[in-house]
Amino acid sequence: MYYVKCTNCGYSNELKSENLSFCSGCNKALDNSFSEWKKTNPGATFDEFKKQVCIPAEFPENTNPKKAKGKSRAFTYSIVTLVTGVFAFIGAYSIGEQGTKSIMNWFRSEKTADDVLTKKWVKDTYGSFGLTVETPEKMTKGDLTLPDNIKEKLVEMDIYNYESAKGFKVMINSTRIKDGISSSLQGGANGAVNQVKSAPGVTDFNYTEGQANKDSIPGIVQKGTYKQQGMGIEFIDALYAKGQNMWQVMVLYQDNDEIGRTAANRVISSIAINCKQ
């Protein structure tokens, strides 16, 4: 069985047929239904839709995010994802949670400050699994509320953020899942990028993906552009996985922010992983 998560209220709707069009939680039209998805994926099959967009029965979370404390709707990524292992869910879910912090208001503030490229940056290790990144200021510990059925599969998960008063944004996710739980680097990459693509108001979405290697650890780096409510945004999402560990570094900035673009690439280039587990 598969579920379609409503991008308006967060309810997981059981997918009984390809004709599912309205959310049982809020009665609003699903903007990620099969019929809507077909408009941007002509020729794709219902089975492909289930694998690429829906949540398998193992992962549904029928909670209404409108009732959850501190969840802004200004720029909420949906949590509908391609799930091929826990990494896919985590990669997507972390972006979904971080996206609830009014990013649109933050982007409107201004472009990245000129002195970001000339000031002394901070190089530090974040989390318990050896991920080192260089940023303009020390990253701050974030928080992520996971459903119990995902939490029970984790040994540890650390989230960190860099949110300047203006300019580009950085999010770090360092995770270890329990032994015996299946994982998929490609699934994590697919899940992450699908969050951006399926977010309400996103248009003109384009991205490229390439294989990467950091300290002998395989990875995937995605670079893309899209418009959110008419505003042009670029992102770089780097994911690496080894054994039961996954590391994710994502940066976002306005598409006309040259300093933000340069700073973002510097962050991604600075990634180092010294994994002892």
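The values are calculated or read from the model by the stated rules, or taken from the named source; none is laboratory data. Quantities reported herein were computed from a predicted structural model and do not represent experimental measurements. No Cβ is skipped: glycine too gets one built from the backbone with ideal geometry, and neighbour counts run over all protein chains shown.
For the reader, a short list of remarks on this structure follows.
- Qualifying residue in the range 213-233 (condition: within 23 Å of ASP114 (Cα to Cα) and crowded, with 19+ Cβ neighbours inside 10 Å): yes
- Within the range 121-149, the set of residues being in contact with a strand residue (DSSP E or B) (Cβ under 9 Å, 6 or more places away or on another chain) and either modelled with pLDDT under 85 or of a type in the set (A, V, I, L, M) (or both) comprises VAL122, LEU131, VAL133, MET139, GLY142, ASP143, LEU144, LEU146.
- For the range 13-59, the set of residues classified as basic (Lys, Arg) and either within 21 Å of the chain's Cα centre (by Cα) or closer than 19 Å to LYS197 by Cβ (or both) consists of LYS38, LYS39, LYS50, LYS51, listed by residue number.
- Answer residue from the range 227-276, given it is of a type in the set (Val, Ile, Thr) and not in a strand (DSSP E or B) and is farthest from SER174 (Cα to Cα) among those: ILE259
- Of the residues making up the range 211-238, those that are within 23 Å of THR40 (Cα to Cα), small (Gly, Ala, Ser) and in contact (Cβ under 8 Å) with a residue 12 or more places away in the chain are GLY224, GLY232.
- Hits in the range 26-57 (condition: under 20 Å from ILE150 (Cβ atoms) and in a loop (DSSP other than H, G, I, E, B)): VAL53, CYS54, ALA57
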